[in-house]
Amino acid sequence: MTTTSDVREPDELYEQAIAVYGGALVRLARGYEADADKRRDLLQEIHLALWRSFAGFQSDCSLRTWVYRVAHNVGATWTIRQRRSRPQVLLSLEDAQPPPIASDADRQVALARLMDLIRQLKPLDRQVILAYLDGMDAAEIAELTGLSGGNVATKLHRIRIVLTRSFQGAGHGRA
């Protein structure tokens, strides 16, 4: 039997989620939107959806999984709406090409290149790599996405190969 003290209020859950995962939500929004103003709008939509979602939170999964699920769903919806308003071709992992390599290889340029490549990926591949970059393991990503653990591991391996090629100079000479 669940007592009133065992049930947390939606506002309390939201505050806890933001305190723990707020930085991850900012990083996730960066993975879905390059434009800073639009990224703020996306982040606001994520926060609103997350706050609303806690009315139905039943603790069937961890708070972390819930937060990522809601945020990725909002990000995927955002991507679809943005693609309708400004057509852009999303790539499969096999077709993704790294952005041109800049002469300045400092951390900010490398991060921008990484995010550019991630934003080119299809939503599921994007969700997998963003969750991985935020420290989730294959089992947690499987729970988040509904994929099998083996499928997640395979996707992560393939994505890391693409990213490694990008940062080892595979993009040199491309125009």
message = I'd like to verify a number: residues in the stretch 1-29 that are at pLDDT 80 or above and either part of a helix (DSSP H, G or I) or outside the structural domain of R40 (by TED's automatic domain parsing) (or both), how many?
response = 20
query = Would you pick out the residues in the stretch 31-53 that are surrounded by fewer than 19 Cβ atoms within 10 Å (Cβ to Cβ), in contact (Cβ under 8 Å) with a residue 40 or more places away in the chain and under 11 Å from R119 (Cβ atoms)?
reply = A34
note = Flagged in the stretch 44-60 as more than 13 Å from Y14 (Cβ to Cβ) and outside any helix (DSSP H, G or I), in numbering order, are Q58, S59, D60
request  = Please enumerate the residues belonging to the stretch 121-142 that are buried (at least 18 other Cβ atoms within 10 Å of the Cβ) and part of a helix (DSSP H, G or I).
outcome  = D125, R126, Q127, V128, I129, L130, A131, Y132, A138, E140, I141, A142
message = All but one of (1) among the aliphatic types (A, V, I, L, M); (2) assigned to a helix (DSSP H, G or I); (3) at pLDDT 90 or above hold for L147; state the number of the condition that does not hold.
response = (2)
key: Unique match (being hydrophobic (A, V, I, L, M, F, W, C), at pLDDT 75 or above and either assigned to a loop (DSSP other than H, G, I, E, B) or under 25 Å from L43 (Cα atoms) (or both)) among L163, L117, L93   = L117
key: Residue list for the stretch 61-90, filter: part of a loop (DSSP other than H, G, I, E, B) and either of a type in the set (V, I, T) or modelled with pLDDT of 65 or more (or both)   = C61, S62, R86, V89
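The values are calculated or read from the model by the stated rules, or taken from the named source; none is laboratory data. Nothing here was measured: the structure is a model prediction, and the numbers come from that model. A quick note on method: Cβ atoms are made from the backbone with ideal geometry, for glycine too, and the neighbour counts reach across all protein chains shown.
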